[in-house]
Amino acid sequence: MSAGESARHRVLVVGGGFGGLQAVRKLRGAAVDVTLVDRQNFHLFQPLVYQVATGALSAAEVAAPLRAVLRRQANVRVVLAEVSGFDFERRQVVLDHLANGGRGERLGYDTLVVAGGSRYSYFGHDDWKARAPELKSLAGALDIRNRILTAFEAAEVELDEERRRSWLTFVVVGGGPTGVEMAGQIAELARETLRHDFRQVDTRSARVLLVEIADRILTGFPPSLSHKAERALEKLGVTPLVGHTVVDVGSVSVAIRSASGEVEDVGARTVIWAAGVAASPLAAALASADGSEVDRAGRLSVTANLTLPNRPEVFALGDMVRVVQSDGTIADLPGLAPVAMQEGRYVGRVIRNRLRGRSTEPFRYIDKGNLATIGRSKAVADIKGIRIGGFAAWVTWLLVHLFYLIGFQNRLLVVTRWMFSYVTRGRGARLITESRAETE
């Protein structure tokens, strides 16, 4: 490395999700050398992962290779590895699981940006993971797709009526946007897409239960839209169980407790987890290196400039942090992709301003609204106080997601899939890549 190259400011970004990728893109053309580290070689568009789980889209249509995304950004290098530790004194990050099998490798930095994201929380019952896969990752979505489609195949050949009912019962845990969208998609799959494909079983008899501990679904939306979404789900055949809690997940049943305290054991072979949020373990690793603590959700506290309080060269953003404002209050930021994207762009701007000797105002999130789709031509939207539902909200949802989807090719493929699905009610990615019936 030449003397000129070594003098360039080194920015190390951990995480190629919404926040990390936006930070990297914001540094395009800056006099910095950027290294992006991620344990996956692709950027995943999480808002559409549930459509992979129900066969509406294929995996490649909601993911884009990081190297392809950043091909034209000459100041960026991508490293496939997992971050296992931080050394603030030496300004180094420890890497494990490199593609060549390397472990304990170290990368230096002048500025560090950590955007580790979050995962679903099983509320102390991590043993449920094997029986109730999460809907945060591509691997989880493919596992769920296998389970859903296998359940219908098993019901087709099941002679025992009770066992058949359990195969045709699907429990979605969590009444946020992901859970609502997932429940609606399963209901449409059963009642429209598959109804003519089987001979011995009527897929329209499938039960879809949406379990939410709060007194309504979509608690981030105004109550009027929550109730509208609930009615739309019921028309699709989904049973929303608000004020209910899952207390146990077995291999063939789920125990659900009502608000009155009664526990019902529901026969169900397929359980999908979309509840609770826990920060990435990277938040705890940063806190340990800094001598600070995380909150109950595992989140790290950062300043209004998204830096660690005692480490101005270390930024952290996304679902893994809570922002402490200058007056000591905690900013109430939702765990949504737009928040991480705005934070990522902000961090990139701060880094550029620092190199120019300029200051930057504290981060301020601009809330552009909430969207959730329920099914074919059905959605709810709350955009800057304008509350709409039905077809208009659904079209808005389509356009917004197409706009934020990475890559022209993916946009073209997804809009083609959606048009085909709308006209034919079909789903072209209904592939079982691993049968689970033998293991139950």
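Before moving on, here are some points about what is shown:
- Cross-link reach list, lysines versus Lys228, counting only Cα pairs under 30 Å and skipping chain neighbours closer than eight places: Lys136, Lys368, Lys378, Lys384
- In sequence order, calculated HN-Hα J values of segment 359-366 (Karplus, 6.51, -1.76, 1.60; Hz; x Gly/Pro): 8, 10, 5, x, 5, 9, 7, 9
- Spin-label pair Thr329-Thr433: with each label point 7 Å from Cα along the Cα-Cβ axis, the two points sit 4.7 nm from one another.
- Residue of Arg207, Arg231, Arg322 that the Gaussian network model of the chain assigns the largest fluctuation, springs spanning Cα pairs under 10 Å: Arg231
- For Glu162, the shell of other residues with beta-carbons less than 14 Å away shows a net charge of +1, using +1 for Lys and Arg and -1 for Asp and Glu.
- Förster radius 56 Å - calculated FRET efficiency between Arg358 and Ser258 (Cβ-Cβ, nearest 0.05): 0.45
- Of Ile386, Ile256, Ile330, the sequence from fewest to most neighbouring Cβ atoms within 10 angstrom is Ile386, Ile330, Ile256.
- Stretching the chain fully between Ser205 and Val415 yields a gain of 72.6 nm (0.36 nm per residue, less the alpha carbon separation).
- Helical mean residue ellipticity (222 nm; -39500 (n - 2.57) per DSSP H run of 4+; nearest 500) of the chain: -9500 deg cm²/dmol
- Neighbour net charge for Leu398 - beta-carbon separation under 14 angstrom, K R +1, D E -1: +3
- Here the spin labels are modelled as points 7 Å beyond Cα on the Cα-Cβ line, and at Ser377 and Ser84 they lie 5.5 nm apart.
- Separation in nanometres of the label points that stand 7 Å from Cα toward Cβ, at Lys368 and Lys235: 2.8
Values in this text are rule-based calculations from the coordinates and carry no lab data. Values in this document were obtained by computation on a predicted structure and should not be read as measured data. Every residue, glycine among them, receives a Cβ derived from its backbone with ideal geometry; neighbour counts consider all protein chains shown.
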